[in-house]
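Asker: Sharing a structure with you now.
Laboratory data are not the source of any read-out in this text; all were calculated from the coordinates shown. This one's a predicted model, so the numbers in the text were calculated from it and none came from an experiment. As a convention, Cβ positions derive from the backbone with ideal geometry for all residues, glycine included, and neighbour counts pool all protein chains shown.
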Amino acid sequence: MFWGLYFVDRELVFPRTLDEFYPSWMTHSVHSFIILPIVTEINLPKKHGYEITDFNHAFPVLTAFIVSYEITLLTIYFVYGVWLYPIFKYLTWLQRLSFLVIVYAITVLLLYLGILIQNLKKPKKVKIGDGV
């Protein structure tokens, strides 16, 4: 989500004025590095008996993380009067809440797709004596 908004209008998520304090290479590493462990994990061979996290177990953990992140985002605004992401300055409260819900839904969808891909790559259990 960050990079999508960044490419549409950088000022909505990371104003150029912050480059003095937070260099662009650091922004890139923080928001892009996660791709490396994800791609590595998906492509590593899986051992027999390797259990992939079940969506029903991962979903509440993801939800707790997203809710805590959104509470932090809103708390910073209510305490300091500053939005962490400038896009929120231009939205109404209904649009802000809708935006947060949409980001949450996309994140849940990505979780589901990630678990689905992992399950597709999972080694098939072979039963000895199945007509072989």
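Asker: Note the angle between two axes, namely the Cα long axis of helix 55-80 and the longest principal axis of the Cα atoms of the chain, as a number of degrees from 0 to 90, rounded to the nearest 10.
Answerer: Result, in degrees: 10.
Asker: Is it possible to state the helix-based mean residue ellipticity at 222 nm for the chain, with each DSSP H run of 4+ residues giving -39500 (n - 2.57), the sum divided by total residues, to the nearest 500 deg cm²/dmol? What is it?
Answerer: Working: 5 runs with 80 residues, N = 132.
The helix-only estimate for the chain comes to -20000 deg cm²/dmol at 222 nm.
Asker: When the convex hull of the C-alpha atoms of the chain is computed, what volume per residue in Å³ does it have? Before the final figure, lay out the partial values.
Answerer: Details: hull volume 19.7 nm³, N = 132.
Enclosed volume per residue, from the Cα hull, is 149 Å³.
Asker: Hey, got a sec? Which trypsin sites (Lys or Arg not before Pro) in segment 29-112 land in a DSSP loop and have at most 16 other Cβ atoms within 10 Å?
Answerer: Working: sites: LYS46, LYS47, LYS89, ARG96; in loops: LYS46, LYS47.
Answer by residue number: LYS46, LYS47.
Asker: Sticking with this one: To test your reading of the geometry: what angle, between 0 and 90 degrees and rounded to tens, separates the Cα axis of helix 93-121 from the longest principal axis of the chain?
Answerer: 20
Asker: Would you mind pulling out the separation of the Cα centroids of segment 97-117 and segment 1-79, in Å?
Answerer: The distance from the Cα centre of segment 97-117 to that of segment 1-79 comes to 12 Å.
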